[in-house]
Amino acid sequence: MCSAWIIFSERETTMTRQQSLNYLPLVGIALLSLLVVVYLFARKRSSQPGPAVARHSVETPSADVLKYWTADRMSSAKAAPMPEVTTVDQKKSQPRRQPEA
């Protein structure tokens, strides 16, 4: 009876080990999938361009600005200098603009 118990317990241990080994590939696939998802999310997030317009706060009330810019001041105002670009970045595609009529 004792030898039968040993054989039975060895078979049970062997079956338990085989069942736990069957789950290892599933766990590995799940972890690998999670790693790929995190990588793709981080890559997409880092490739997004920054804001096209810089934002800042204005402390001057709008009523004061409207009082300052009278019709005489608007007619004598000069255009602000625009930044000059000497080289074109080849990585970014520049949108085509329609010629003004």
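Listed values for segment 54-67 are Karplus-derived 3J(HN,Hα) couplings in whole Hz (6.51 cos²θ - 1.76 cosθ + 1.60, θ = phi - 60°), namely 6, 10, 8, 8, 10, 9, 6, x, 5, 5, 5, 5, 5, 5, and x replaces Gly and Pro. Karplus-derived 3J(HN,Hα) values for segment 34-42, using 6.51 cos²θ - 1.76 cosθ + 1.60 with θ = phi - 60°, are 4, 5, 5, 5, 5, 4, 5, 5, 5 Hz; glycine and proline are entered as x. Compared with the alpha-carbon gap, the fully stretched path from W69 to R97 is longer by 6.9 nm at 0.36 nm per residue. So what's the net charge close to V36: Lys and Arg +1, Asp and Glu -1, counting the other residues with Cβ under 14 Å from its Cβ? Charge balance in the 14 Å sphere: +2.
Where a number appears in this text, it was derived from the coordinates with a stated rule and is not lab data. Computed from a predicted structure; not experimentally measured. Here the Cβ is made from the backbone with ideal geometry for all residues, glycine too, and neighbour counts use every protein chain on show.
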